[in-house]
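Working notes for the structure below.
Each reported figure results from applying straightforward, stated rules to the coordinates on display, with no laboratory input. Note that this is a predicted model, so its numbers are computed, not measured. Cβ coordinates were reconstructed from backbone atoms using ideal geometry, including for glycine residues, and neighbour counts include every protein chain displayed.
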Amino acid sequence: MPKPVSWCYRAHEVRERARHSKTQTWTRRDIEDLFEVKRASAQTLMKAIGGIQNVGGTHLVDREVLLEFLDQTIAADDVSGAVRSRREEAASPPQPKRMKFSLPGELKSVMAADLPANIEFVPGRLSISGRGSEEIIEALYLLAQALQNDLRTIQGLLDPLPERPQVADNELRKLFADLEMREAHNTKTEVAPG
């Protein structure tokens, strides 16, 4: 007879703790704490729970999937058997696809001015174009390096230009117009042959 799962006698308590928790996505550590199990058991449990999402190499389980798993195992005649059955039927967690990029030595010190034309900066908008995903991802990688080396310049390219203050007072408008006229007159006087 297979050994029962360590938490099978506390299944209702585990279900209530999960139901009242504010956690929406559960990590392996969260599962360890909830079920009071060790790392390997938590990994096995996550496989049995199913619906594993791989986000940046971290496996996560959605709250609703966890609650559904607990409801189904509690409803089963044999909690340990239901867990074993789910674990055997479960698919392997998704593996992230890795793309390897390495910048040539001269591009490790890339600055904003060195970026290719397919990376465009407009105040309030960044645009990257390419012939396919790989070219666009390579441009993102290059942009990340430029951000590390030349952040202030890139911020200046992306930040909206400050608006010229509008003069609401008619007297101030007249004063500025008069100053502009005098400045233009002085410039003509200085340039005129004398």
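First check a/c for segment 1-68, with a ≥ b ≥ c the square roots of the eigenvalues of its C-alpha gyration tensor; if it is under 1.5, answer rounded, and if not, answer prolate when a/b is larger than b/c or oblate otherwise. Here segment 1-68 falls in the oblate category. Placing +1 on the Cβ of every Lys and Arg and -1 on the Cβ of every Asp and Glu, with nothing else charged, gives the chain a dipole about its Cα centre of roughly 840 debye. Per residue of the chain, what 222 nm ellipticity follows from adding -39500 (n - 2.57) for every DSSP H run with n ≥ 4, rounded to the nearest 500? For the chain, the value works out to -17000 deg cm²/dmol.
In the elastic network of the chain, a GNM with C-alpha springs shorter than 10 Å, the most mobile of Leu107, Leu179, Leu158 is Leu179. Under the convention that each Lys and Arg Cβ holds +1 and each Asp and Glu Cβ holds -1, the size of the dipole of segment 105-158 around its Cα centre is about 200 debye.
To the nearest 20 debye, what is the magnitude of the charge dipole of segment 1-68 about its Cα centre, counting +1 on the Cβ of each Lys and Arg and -1 on the Cβ of each Asp and Glu? It comes to approximately 180 debye. Annotation: aspartates and glutamates with alpha-carbon distance below 20 angstrom to Lys22 (same-chain offsets under eight excluded): Glu13, Asp30, Glu32, Asp33, Glu36, Asp62, Glu64, Glu68, Asp71.
Would the chain count as rounded, prolate or oblate if I go by the C-alpha gyration tensor, calling it rounded below 1.5 in a/c and otherwise prolate when a/b exceeds b/c, oblate otherwise? Taking the square roots of the gyration eigenvalues as a ≥ b ≥ c, the chain is prolate.
Label segment 105-158 by shape, choosing from rounded, prolate and oblate, from the square roots a ≥ b ≥ c of the eigenvalues of the Cα gyration tensor; if a/c is under 1.5 it is rounded, and otherwise prolate applies when a/b is larger than b/c, oblate when it is not. Spell out each step's value before the answer.
Working: a/c = 2.19, a/b = 1.12, b/c = 1.96.
Since a/c reaches 1.5 but b/c is at least a/b, the shape of segment 105-158 is classed as oblate.
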